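These notes are about the structure you will find just below.
The values are calculated or read from the model by the stated rules, or taken from the named source; none is laboratory data. Here the structure is a predicted model, which means the values were calculated and not measured. Virtual Cβ from ideal backbone geometry, glycine too; neighbours counted across all protein chains shown. To get the accessible areas, we keep the full protein, side chains included, count just its heavy atoms, and leave off ligands, DNA and RNA. Shrake-Rupley method; radii C 1.70, N 1.55, O 1.52, S 1.80 Å.
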Amino acid sequence: VDLKMSRPELETDLMNKFYESRFDRAVLLTTEEKAYVEQTKQLVVAYLDGYYPISYEEGGEFKGLSREVLESGFQVTGIELVYQRVDSQQEAEEKLRSGEIDILSYCVDEREATESQDLVVLDEYAQIPLVLVMRKDKNFEDIKTAATVAELESEIAKQLDNENVSFVVQDTVEECLTLINSGDADAVLCDG
């Protein structure tokens with residue numbers, strides 16, 4: 001209240017500086033964002049397959065919540081989004097650094113891990129819970145071997161006592177679950 005009393009023009013000045021016009025309600029973009037939109041016609045978006053319902057491929061086409069979130073956000077800008085499949089988080093990060101892609105639609109790393117690699121997390125629109133899957137006849141204390149996918153390898157060490165448990169990394173969650181059925185793993189850490 002004191003600020004509004006002492007500087008009543010501040011809100012207008014800020015709106016004009018960052019949004020050009022307080023009546024421009026269709027799209028509230030900063031002047032820098034508007035300049036970027038004017039010079040950018042297309043962005044390449046990488047996606048990972050196999051993370052249903054967040055990011056997956058169906059009939060050769062990218063689908064999922066991450067695509068819907070991106071398209072709803074970019075729809076008002078007029079920028080065309082072109083989708084490109086990547087096979088791993090590592091490949092996506094390399095392509096981001098080289099400039100081959102502009103956006104990774106779904107990131108399996110934690111924010112801290114991504115930002116430590118000089119990449120920026122734009123927005124967190126969902127957090128996927130992790131689940132530990134075991135046979136019904138097993139107890140948590142019985143876990144000697146646990147399986148997971150590469151993206152969750154650091155997380156499994158946090159969840160289980162890594163001095164007494166050995167870890168197996170597989171390419172897919174399905175391969176990990178097969179290890180439980182065959183008796184080669186006691187538990188699997190996977191996303192919910």
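Residue by residue through segment 136-168, note down the ones that are of a type outside the set (A, V, I, L, M, F, W, C) and within 16 Å of residue 191 (Cα to Cα).
Step one: list which residues in segment 136-168 are of a type outside the set (A, V, I, L, M, F, W, C), which gives 136-139, 141-142, 144-145, 148, 151, 153-155, 158-159, 161-164, 166.
The answer is 148, 151, 153, 154, 155, 158, 159.
When you look at residue 152, is it in contact with a Cys (Cβ under 9 Å, 6 or more places away or on another chain) and of a type outside the set (Phe, Trp, Tyr), yes or no?
Working: in contact with a Cys (Cβ under 9 Å, 6 or more places away or on another chain): yes; of a type outside the set (Phe, Trp, Tyr): yes.
Taking the combined requirement at face value, the residue satisfies it.
Taking the conditions (1) modelled with pLDDT under 90; (2) closer than 18 Å to residue 105 by Cβ; (3) open to solvent by 50 Å² or more (accessible area, probe 1.4 Å) in turn, residue 83 satisfies each one other than (1). Pairs linking a residue in segment 76-95 that is closer than 29 Å to residue 35 by Cβ to a residue that is assigned to a helix (DSSP H, G or I) and modelled with pLDDT under 95, with Cβ atoms under 6 Å and 6 or more positions apart or on different chains, are 77/37; 81/74. Restricted to segment 130-170, and to residues there that are farther than 27 Å from residue 91 by Cβ and of a type in the set (Lys, Arg), the residue that is least open to solvent (accessible area, probe 1.4 Å) is 138.
Quick check on my filter: what residues within segment 47-66 are open to solvent by less than 50 Å² (accessible area, probe 1.4 Å) and not in a loop (DSSP other than H, G, I, E, B)?
First, pick out the residues of segment 47-66 that are open to solvent by less than 50 Å² (accessible area, probe 1.4 Å): 47-48, 51, 54-56, 62, 64, 66.
Within segment 47-66, 47, 48, 51, 55, 56, 62, 66 qualify.
Only a single item in (1) of a type outside the set (Lys, Arg); (2) modelled with pLDDT of 75 or more; (3) open to solvent by 50 Å² or more (accessible area, probe 1.4 Å) is not met by residue 106, and it is number (3).
Quick grid of which residues meet (1) part of a loop (DSSP other than H, G, I, E, B); (2) modelled with pLDDT of 85 or more; (3) within 18 Å of residue 46 (Cα to Cα):
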position: 95; (1), (2), (3): no, yes, yes
position: 113; (1), (2), (3): no, no, no
position: 124; (1), (2), (3): yes, no, yes
position: 146; (1), (2), (3): no, yes, no
position: 153; (1), (2), (3): no, no, no
position: 167; (1), (2), (3): no, yes, no
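Taking the stated definitions as given, is residue 192 open to solvent by 50 Å² or more (accessible area, probe 1.4 Å) and on the phi > 0 side of the Ramachandran plot?
Numbers: open to solvent by 50 Å² or more (accessible area, probe 1.4 Å): yes; on the phi > 0 side of the Ramachandran plot: no.
No.
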